[in-house]
1. Given Lys118, Lys105, which one is farther than 19 Å from Leu19 by Cβ and of a type outside the set (Asp, Glu)?
2. List the residue pairs whose Cβ atoms are under 7 Å apart, where the first residue sits in the stretch 102-129 and is under 23 Å from His13 (Cβ atoms), the second is of a type in the set (Asp, Glu) and part of a loop (DSSP other than H, G, I, E, B), and the two are 6 or more positions apart or on different chains.
3. Mind counting the residues in the stretch 110-128 that are surrounded by fewer than 20 Cβ atoms within 10 Å (Cβ to Cβ) and among the aliphatic types (A, V, I, L, M)?
4. Please find, within the stretch 87-109, the residue that is farthest from Arg37 (Cα to Cα) out of those that are of a type in the set (A, V, I, L, M) and surrounded by fewer than 24 Cβ atoms within 10 Å (Cβ to Cβ).
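The values are calculated or read from the model by the stated rules, or taken from the named source; none is laboratory data. Treat the numbers as computed from the prediction; the structure is a model and nothing was measured. Glycine also receives a Cβ, built like all others from the backbone with ideal geometry; neighbour counts cover every protein chain displayed.
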Amino acid sequence: MSKEFVVNWDEFHSAARELGQKLKLKGPWKGICAVTRGGMVPACLVAQETETKLIKSIALETYTDYKDVGEAKFHYLPHLDNDGEGWLIIDDLADTGKSFREIRKHFPKAHYACVYVKPDGADTADTFLEKVSQDTWIYLPWELEAQKFAKHLKPA
């Protein structure tokens, strides 16, 4: 049986800012790469805390509709000099670690950070804020808003 961990906007904002404060001590950074889509919100908040102006994105698909897609598929991979040295790669969560492992193949010198980790993904994050059990399902605020909106849609 899985556990549920519901995170509201205020909680996530505070957590991402705290992660940013930890990362500021390890900087300065050339830039931040957000892993889309989950890493976009924390990347913005971390950028504020670390005073990092340059933000890029990595579009990577490792699951769809909450199911593993098998082989990871990059939709967009930016150019980062020197194997990503001096760059932060930010995601919301390292669940199995698959996303960070795939990205690290391209940018082995980057620094990988996320707000939450699960045991199977913990070794892929260089910096994280909070560890939860592998059987915990995290509901992030933007996912909750989308679910509320979807309930009001009528099938075509």
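1. Just one listed residue meets the conditions, Lys105.
2. Matching pairs, first to second residue: His111/Asp126; Tyr112/Asp126; Ala113/Asp126; Lys118/Asp95; Gly121/Asp95.
3. Number satisfying all stated conditions: 1.
4. Ile103
Let's see how each residue does on (1) within 28 Å of Asp135 (Cβ to Cβ); (2) modelled with pLDDT of 95 or more; (3) aromatic (Phe, Trp, Tyr); (4) out of contact with any strand residue (DSSP E or B) (no Cβ under 8 Å at 6 or more places or on another chain):
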{"position": "Met1", "(1), (2), (3), (4)": "yes, no, no, yes"}
{"position": "Lys24", "(1), (2), (3), (4)": "no, yes, no, yes"}
{"position": "Val46", "(1), (2), (3), (4)": "yes, yes, no, no"}
{"position": "Glu51", "(1), (2), (3), (4)": "no, yes, no, yes"}
{"position": "Ser57", "(1), (2), (3), (4)": "no, yes, no, no"}
{"position": "Leu60", "(1), (2), (3), (4)": "yes, no, no, no"}
{"position": "Asn82", "(1), (2), (3), (4)": "no, yes, no, yes"}
{"position": "Ile89", "(1), (2), (3), (4)": "yes, yes, no, no"}
